[in-house]
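The values are calculated or read from the model by the stated rules, or taken from the named source; none is laboratory data. All values reported here derive from a predicted model rather than from experimental measurement. Don't worry about glycine lacking a Cβ; one is built from the backbone with ideal geometry, like all the others, and counts go over all protein chains shown. Surface areas here come from the heavy atoms of the whole protein model, side chains and all, with no ligands, DNA or RNA. Shrake-Rupley method; radii C 1.70, N 1.55, O 1.52, S 1.80 Å.
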Amino acid sequence: MKRYSFAFKIITSILLLYSVLYGLLVDVPALPILNETIRNLFYHVPVWFAMMFMAAVGMFNAVRFLMKKELKYFDNTHAASLMVIFFSIPGLLTGMLWARFTWGTWWTFQEPKLNGVAISILIYCVYFLLTYGIPDLKQTAVVGSAYNIFSFVMMMIFIMVMPRLTSSLHPGNGGNPAFGSYDLDNRMRTVFYPAVLGWIGLSYWLYDLLKKYLWIQKNFSGKQRVY
Amino acid sequence: MDSKEFFRKAAGVLILLFWADSALAQAEMADAFRSEGKIYVVLAVIAVVWICLLVFLFYLDKKINRIYGECKTKMQSGHE
């Protein structure tokens, strides 16, 4: 078990280093407006993938809590939701920077994906209001995990479904071609997929550390509750 | 196909596509920046920063895992 987790950390580190460094060197298609910023695909998009992965982990553990009523699953949900908030910040900031130099503005309300992501982050903030606000621990866990399932579904609707129904500037949405068709050629795939795996691995690594920290805090700090 | 040839072909296609809008016709890439060769210095700097970060993460991971293990055994031997 210990050896596997060490191998996982080493593989994650190698994938991250490879994608960060080779992402600057690989030949990319020369497209107008995008120019070299197409390389942001290796840095901006995997952060969002890691964030969605963490949201999925949180939702999965919330379902397990509601089925088995064991508090340790809700601890997992809580740690995963903290990671969602943590990964949404660099995702938003890099997205804004990229938008400034390709779409010409920091934020546009015509873009459903940006609005959707802002709303989903607010939904996750409400999750924390809810969990910190209910005095009873058992009730917190039940309400919090039920709400967490809801917020995961809403996030998926707001960032995966809604942008595809209306017009959107993001690739793959609202009639725009996805990265799969011609923006993402085979040379870029050799960096993009390792980058996604590396960032998902990093998110899981950090989530594991946060989980252990919260466990220690809960059982040994003398605090009544951590959520 | 080397990158120069690809660039020329891509530029040709784009000029055909956007012949009316000459501002969009050229997709400028950082070719001159790369031809100087010193991009590798930047890569080395990024590599050093990331390796330091990851080493620190390994160190932190080891510390938290150790204290976590200690707390686990403490709990099993009747802490609560």
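Highest average first, the peptides A:6-17, A:131-142 ordered by how many other beta carbon atoms sit within 10 Å of their residues are A:6-17, A:131-142. When Rg and Dmax are taken over the Cα atoms of segment A:2-220, they come to 18.8, 58 Å. From most to least packed by mean Cβ count within 10 Å, the peptides A:93-102, B:54-63, A:45-54 give A:45-54, A:93-102, B:54-63. In the elastic network of chain A, a GNM with C-alpha springs shorter than 10 Å, the most mobile of A:N76, A:N148, A:N35 is A:N35.
Give me Rg over Rh for segment B:37-80, both radii from the alpha carbons and Rh done the Kirkwood way, two decimal places.
Numbers: Rg = 18.9 Å, Rh = 13.0 Å.
Using Cα coordinates only, the ratio equals 1.46.
Using a 1.4 Å probe over protein heavy atoms, the accessible area lost on pairing B with A, summed over both chains, comes to approximately 3000 Å².
Once the piece of chain linking A:R3 and A:K72 is laid out straight, how much longer is it, given 0.36 nm per residue of separation minus the C-alpha distance between them?
Working: separation 69, 0.36 × 69 = 24.84 nm, distance 2.42 nm.
My answer for the length gained is 22.4 nm.
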